[in-house]
Ligand code: C2E
Ligand code: MG
Ligand code: MG
Ligand code: MG
């Protein structure tokens with residue numbers, strides 16, 4: 001097949017590329033093992049109310065400690081898990097883990113519990129009745145629905161409009177919140193904001209990071225105004241500096257999340273932060 005593509009295409013089969021494929025394949029089978037053998041864990045990154053500075057919720061982010069390779073970032077293994085069909089299992093594993101965590105926290109003292117958001121990937125929505133499966137996970141663990149929010153990217157919603165519209169209505173009815181993640185990066189029409197039950201918009205960090213640029217500020221301002229008009233909560237992601245924070249305060253963003261406030265941390269550390277309450 002390489003020959004049909006002409007001379008340049010021989011590059012496709014260079015030893016490095018072959019190596020890469022093999023690596024991917026190995027990572028994939030390693031990931032299967034990781035799911036069973038407890039190599040995955042979850043970190044929590046606080047979301048803070050801009051006005052009160054209080055931690056109002058946190059995002060659960062999956063981590064993989066590979067026995068030989070060390071920490072592998074989700075930006076690398078989530079796409080791989082998507083290709084291999086493992087990502088929905090990972091999603092369920094994360095949700096289960098978050099439920100267990102919430103259960104322990106509730107037992108310890110309910111004033112130290114905040115809602116947790118869990119990222120869901122496009123593949124999850126291809127599973128029949130995924131929303132019911134996830135809801136029953138909450139039921140089994142006796143987790144009140146207001147303590148869970150699902151983060152979904154806008155491109156995912158657009159790809160599966162029919163299924164998503166029904167599923168999101170179901171979640172809304174159950175009292176589970178839904179956030180649109182990485183908002184502003186997907187090429188999409190805004191009309192779905194009125195069609196779907198969305199509770200939160202998370203402004204993608206690329207806009208925040210470009211905040212010296214007038215165009216980025218204009219986009220952020222627009223998203224915030226839009227969210228307010230539609231009665232949707234708006235979160236700025238990727239707050240790394242005082243300057244980012246000041247700007248988002250001025251623009252009246254509701255909540256912020258980012259390294260400037262706290263990196264994603266393990267559950268014990270997150271509880272410590274919650275004890276202080278204010279960041
Ligand atoms: P995301 O859902 O948009 O998560 C936010 C990412 O931004 C996290 O990266 C977080 O560590 C990072 N971040 C937070 N604050 C800052 C900041 O101030 N500056 C910068 N530069 N980055 C910041 P992380 O943990 O590496 O995750 C990357 C992506 O992997 C996530 O993006 C999400 O799409 C995916 N992911 C993570 N956990 C899960 C999961 O449990 N399930 C699924 N399906 N995807 C996940
Ligand atoms: Mg997210
Ligand atoms: Mg994302
Ligand atoms: Mg995001």
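General observations
- Boolean, residue 104 is more than 14 Å from the chain's Cα centre (by Cα), under 21 Å from residue 272 (Cα atoms) and touching a residue at least 12 places away in the same chain (Cβ under 8 Å): no
- Residues in region 114-137 that are without any contact (Cβ under 8 Å) to a residue 40 or more places away in the chain and surrounded by 19 or more Cβ atoms within 10 Å (Cβ to Cβ): 2 in all.
- Within region 254-265, considering residues that are touching a strand residue (DSSP E or B) at 6+ places or on another chain (Cβ under 6 Å) and assigned to a loop (DSSP other than H, G, I, E, B), the one farthest from residue 236 (Cα to Cα): 264
- Hits in region 28-41 - residues which are touching a strand residue (DSSP E or B) at 6+ places or on another chain (Cβ under 6 Å) and either within 30 Å of residue 246 (Cα to Cα) or not in a strand (DSSP E or B) (or both): 34, 39
- Complete set of residues in region 87-121 that are touching a helix residue (DSSP H, G or I) at 6+ places or on another chain (Cβ under 6 Å) and outside any helix (DSSP H, G or I): 113, 115, 116, 118, 120, 121
- For region 148-156, the condition holds for no residue, the condition being that it is in contact (Cβ under 8 Å) with a residue 60 or more places away in the chain, away from ligand 3 (no atom under 16 Å from the Cβ) and either out of contact with any strand residue (DSSP E or B) (no Cβ under 7 Å at 6 or more places or on another chain) or more than 16 Å from residue 87 (Cα to Cα) (or both).
- Each residue in region 124-133 was checked for being more than 14 Å from ligand 3 (Cβ to nearest atom) and closer than 14 Å to residue 87 by Cβ, and 4 of them qualify.
- Region 43-62 - residue that is without any contact (Cβ under 8 Å) to a residue 60 or more places away in the chain and in contact with a strand residue (DSSP E or B) (Cβ under 9 Å, 6 or more places away or on another chain) and, of those, farthest from ligand 2 (Cβ to nearest atom): 62
- Residue match in region 209-226 (condition: closer than 17 Å to residue 45 by Cα and in contact with a strand residue (DSSP E or B) (Cβ under 8 Å, 6 or more places away or on another chain)): no
- Boolean, residue 91 is without any contact (Cβ under 8 Å) to a residue 24 or more places away in the chain, within 25 Å of residue 256 (Cα to Cα) and under 16 Å from the mean Cα position of the chain (by Cα): no
- Qualifying residue in region 181-199 (condition: on the phi > 0 side of the Ramachandran plot and either at pLDDT below 95 or in a loop (DSSP other than H, G, I, E, B) (or both)): yes
- Residue match in region 240-252 (condition: within 18 Å of the chain's Cα centre (by Cα), surrounded by 20 or more Cβ atoms within 10 Å (Cβ to Cβ) and either modelled with pLDDT of 95 or more or within 16 Å of ligand 3 (Cβ to nearest atom) (or both)): no
- Given (1) within 16 Å of ligand 4 (Cβ to nearest atom); (2) in contact with a helix residue (DSSP H, G or I) (Cβ under 9 Å, 6 or more places away or on another chain); (3) without any contact (Cβ under 8 Å) to a residue 24 or more places away in the chain, number of the condition residue 259 does not satisfy: (2)
- Scan region 36-64 for residues that are over 19 Å from the mean Cα position of the chain (by Cα) and farther than 13 Å from residue 261 by Cα and the total you get is 6.
- Residue-level check: of (1) closer than 24 Å to residue 200 by Cβ; (2) within 16 Å of ligand 3 (Cβ to nearest atom); (3) surrounded by fewer than 20 Cβ atoms within 10 Å (Cβ to Cβ); (4) modelled with pLDDT under 95, residue 63 misses just (4).
- Criterion (away from ligand 1 (no atom under 11 Å from the Cβ) and assigned to a helix (DSSP H, G or I)) met by exactly one of 225, 212: 225
The values are calculated or read from the model by the stated rules, or taken from the named source; none is laboratory data. None of these values were measured; they are calculated from a predicted model. All Cβ positions, glycine included, derive from the backbone under ideal geometry; neighbour counts span all protein chains shown.
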